[in-house]
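Here is the structure we will look at, set down as structure tokens.
The values are calculated or read from the model by the stated rules, or taken from the named source; none is laboratory data. Fair warning: this is a prediction, and the values are worked out from it, not measured in the lab. Using ideal geometry, Cβ is built from the backbone for each residue, glycine included, and neighbour counts are taken over all protein chains shown. Please note that ligands, DNA and RNA were not included when accessible areas were found on the heavy atoms of the full protein model with its side chains. Shrake-Rupley method; radii C 1.70, N 1.55, O 1.52, S 1.80 Å.
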Amino acid sequence: MTHSTSNSNPPDEERRGLLKWSAILLGSLATAAAGIPIVGFLLGPLRKRDDQWTTAGKVEDFPVGQTRLVDLQNPLHGLGDGDAGKIAIYVRRADEATFQIFAVNCTHLGCPVNWLADAGLFMCPCHGGVFYEDGSHASGPPPRGLYQYEHRLEKGDLLVKLGHLPTLQQPG
Amino acid sequence: MNTIKQIWDWLEHRLELRDSLWPVMRHPVPAALAKPVGWWYVFGSMTLTFLMLQIVTGICLAMVYQPTAEDAYASLEYLNYEAPFGWLMRAIHYWSATGMVVMLFVHMSQVFLMGAFKYPRELTWLVGVGLLAMTLGLAFTGQVLRYDGDSYWGVSVAVAAAGRVPWLGPSIVHFILGGEYIGSETLSRFFTLHVFILPGLLFSLLAVHLYLVVKRGISEPPTPGEPVDKATYHEQYEQLLEKGIPFFPHALYRDGVACAMAVLIVVGLAVVFGPKGPGEIPDPTLIHAEPRPDWYFLPIFALAALSPPSMETFLMLGLPVIGLGALLAVPFVAGTGERSARRRPVAVLTVLVSFVTLMILGWYGATSPWSPDMQAWSDAPVPENIVQKLTPLELQGAIVFQNKCCRNCHALEGSGGHRGPDLTDVGSRMNPDAMVRQVVQGGGNMPAYAQQMNSAEVEALVSFLVKLRPEGMPPAAVPSAPAETLAAVKATP
């Protein structure tokens, strides 16, 4: 067997060069052909889906001066989500025309805050964050007031825009 | 018998194990390992045994477990109550995971204290740190696969913390969740991580780790006054091995005994205590969940509650990275020199301080005194012996105290929340003016109740609080609030 030495004949060397470059070129093509779709698939979830409007209930269902926990279907829910496709929100009707819609997720680390109606406070069971009834920060570690969702009144319905899990850099 | 030998010879002719595996099994190890000190060398094997147990029980569980948000909970219930031995597989998987994390820390501490990470075994240590990271990753993802309320809100907490990363936070959140919210995609991702990605990475690292253990040889028990010197170590170690004993069977027997004990203990714990959970249904509308992480992450849970707000994000996101970085730096900082713990006081102190810190934080995490006791206002009545001596106004105050959920943060005679001070004797340390101010304005960690109570309620409440003092002790005359606060209050008309 002759290896590439100075006296090997030119056609052999040419053939080896061709093979080498074919291997590199075809290899790169093959890697890209399989790799690009794989990376694309993995990065798929980075594509954002916008929150959607959904009906939280009839306006008259919410008594003035009260805060209520409302269970809804997450408008973004998909196949196989089961109960996880649900979403809970707090609806506060401050007066006849003023609503506040709070996320249940504590602004500290996302645990579910509880509304204690008699005390007029939201309390978080994880690290002791407390919020006033208007959602503003009362005490404990949360860095800000409760997340609020965009909402509007339409034909006697209360509509709320939601879907994503609110976090500090992506509030309601 | 002859047939067995024939088969063996046929295999051996092709595999040539006598040339490859057998010398590895028989490789010499320091003779000292045959002495009682050899028991210090079993922890790595015990960790490995637990890993094997995890693989086998994990494969069993994966045959039944449904990694979708819709069915995961039901499949856990099915494992617990219907599948033959399903409960035991879940229990062994949980207790063996616990054993693996415990033994990993014991193994690391032993290697650190006996200076086994020093030259020429630095890389073995570095790969070991990678194994630690993978194991903790598996612990967290495994906890998520036990898809219940704790799991659901645990992901919520992890994502809330990850969401604080500057700039990239929202993208990281999306990537972890596989979408906009915790749903089926999220669970599938954690399943993939737990079952394919992390074990794959762990096995690769483990292969390198074991290769290095054999290639670099098991470290000899350290002797005080015999430091590691790069120039002479190899020669000394070779000399030591000349008088060494073969790894198989001498050292392996000790490993065998320890590993068998480990398995017996874990299976025993699994049989006695059973599987963990699943707890409450993972439903985002069941907001009365009080999520707690598995024990491995209680120190981090505590850190999130106890750190000052200004440093919180740094401690949550930075400390784990710094911790891993510090472990990776160990062999570069102290790669040579004394190996014996008797000559390394700083090393001993580091281990002690680390373990004490982790245990205190873990204890705080388990008891979480900073969390309000959410049911105390209705579940923990004002103790009878207090109620008996109250006037009608004071009784009214006791009702206000319960209804306004003061009890969720303040204990009476030890029962109730512990976020604020126990108020059993508050009447003897705070005067009425200070109480009114504290209730109305809040302060410290207490919310202001000005909007939540009318003046009659405040009056009743304070008259009740004043009554809370030991028999025969007069009410406090001097407020206990700090002087500067008082001055500030007086200055404002």
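Quick rundown of the values:
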{"item": "Residue selected from region B:129-150 under the condition assigned to a helix (DSSP H, G or I), in contact with a Gly (Cβ under 9 Å, 6 or more places away or on another chain) and over 17 Å from B:Val195 (Cα atoms), by the criterion nearest to the other protein chains (Cβ to nearest Cβ)", "result": "B:Gly149"}
{"item": "Residue list for region B:275-304, restricted to those being in contact with a Ser or Thr (Cβ under 8 Å, 6 or more places away or on another chain), within 11 Å of chain A (Cβ to nearest Cβ) and not in a loop (DSSP other than H, G, I, E, B)", "result": "B:Phe301, B:Ala302"}
{"item": "Qualifying positions in region B:307-346 - surrounded by 14 or more Cβ atoms within 10 Å (Cβ to Cβ), more than 30 Å from B:Gly163 (Cα to Cα) and either among the basic types (Lys, Arg) or at pLDDT 95 or above (or both)", "result": "B:Val330, B:Pro331, B:Arg339, B:Arg343, B:Arg344"}
{"item": "Region B:388-400 - residue that is of a type in the set (A, V, I, L, M, F, W, C) and touching a helix residue (DSSP H, G or I) at 6+ places or on another chain (Cβ under 6 Å) and, of those, farthest from B:Met446 (Cα to Cα)", "result": "B:Leu393"}
{"item": "Residue within region A:110-122 that is at the interface with another protein chain (Cβ under 8 Å from one of its Cβ atoms), open to solvent by 10 Å² or more (accessible area, probe 1.4 Å), part of a loop (DSSP other than H, G, I, E, B) and touching a residue at least 24 places away in the same chain (Cβ under 8 Å) present", "result": "no"}
{"item": "Leading residue by the ranking (least open to solvent (accessible area, probe 1.4 Å)) among those in region B:429-456 that are small (Gly, Ala, Ser) and in contact with a helix residue (DSSP H, G or I) (Cβ under 6 Å, 6 or more places away or on another chain)", "result": "B:Ala448"}
{"item": "For B:Glu459: the one exception among (1) part of a helix (DSSP H, G or I); (2) open to solvent by less than 60 Å² (accessible area, probe 1.4 Å); (3) in contact (Cβ under 8 Å) with a residue 24 or more places away in the chain", "result": "(2)"}
{"item": "Selection status of B:Phe332, aromatic (Phe, Trp, Tyr) and without any contact (Cβ under 8 Å) to a residue 60 or more places away in the chain", "result": "no"}
{"item": "Failed item in (1) part of a loop (DSSP other than H, G, I, E, B); (2) surrounded by 21 or more Cβ atoms within 10 Å (Cβ to Cβ), with B:Trp153 passing the rest", "result": "(1)"}
{"item": "Residues being under 27 Å from the mean Cα position of the chain (by Cα), surrounded by 17 or more Cβ atoms within 10 Å (Cβ to Cβ) and part of a helix (DSSP H, G or I) - total across region B:359-382", "result": "4"}
{"item": "B:Val228 being within 14 Å of chain A (Cβ to nearest Cβ), open to solvent by less than 50 Å² (accessible area, probe 1.4 Å) and not hydroxyl-bearing (Ser, Thr, Tyr)", "result": "no"}
{"item": "Residues satisfying the stated conditions in region B:308-337, i.e. touching a Pro at 6+ places or on another chain (Cβ under 8 Å) and either more than 8 Å from chain A (Cβ to nearest Cβ) or closer than 30 Å to B:Thr68 by Cα (or both)", "result": "B:Thr336, B:Gly337"}
{"item": "In region B:378-435, the residues that are under 20 Å from B:Val458 (Cβ atoms), acidic (Asp, Glu) and in contact with a Ser or Thr (Cβ under 6 Å, 6 or more places away or on another chain)", "result": "B:Glu394"}
{"item": "The listed residue being surrounded by 19 or more Cβ atoms within 10 Å (Cβ to Cβ) and either out of contact with any His (no Cβ under 7 Å at 6 or more places or on another chain) or within 12 Å of another protein chain (Cβ to nearest Cβ) (or both), out of A:Gly128, A:Gly156", "result": "A:Gly128"}
{"item": "Residue count for region B:41-69, restricted to those that are closer than 24 Å to B:His209 by Cβ and either open to solvent by 40 Å² or more (accessible area, probe 1.4 Å) or among the small types (Gly, Ala, Ser) (or both)", "result": "9"}
{"item": "Residue satisfying all of: in region B:16-40; β-branched (Val, Ile, Thr) and under 20 Å from B:Ala258 (Cβ atoms); most open to solvent (accessible area, probe 1.4 Å) among these", "result": "B:Val37"}
{"item": "Tally of residues being more than 7 Å from chain A (Cβ to nearest Cβ) and touching a residue at least 60 places away in the same chain (Cβ under 8 Å) across region B:163-185", "result": "1"}
{"item": "Failed item in (1) open to solvent by 60 Å² or more (accessible area, probe 1.4 Å); (2) assigned to a helix (DSSP H, G or I), with B:Ile386 passing the rest", "result": "(1)"}
{"item": "Verdict on A:Gly135 being surrounded by 24 or more Cβ atoms within 10 Å (Cβ to Cβ) and part of a loop (DSSP other than H, G, I, E, B)", "result": "no"}
{"item": "Residue, farthest from the other protein chains (Cβ to nearest Cβ), within region B:71-92, restricted to residues that are surrounded by 16 or more Cβ atoms within 10 Å (Cβ to Cβ) and not in a helix (DSSP H, G or I)", "result": "B:Ala83"}
{"item": "Failed criterion for B:Leu193 (all others in (1) surrounded by fewer than 24 Cβ atoms within 10 Å (Cβ to Cβ); (2) at the interface with another protein chain (Cβ under 7 Å from one of its Cβ atoms); (3) not in a loop (DSSP other than H, G, I, E, B) hold)", "result": "(2)"}
{"item": "Subset of region B:391-429 that is hydroxyl-bearing (Ser, Thr, Tyr) and assigned to a loop (DSSP other than H, G, I, E, B) - its residue that is farthest from the other protein chains (Cβ to nearest Cβ)", "result": "B:Thr391"}
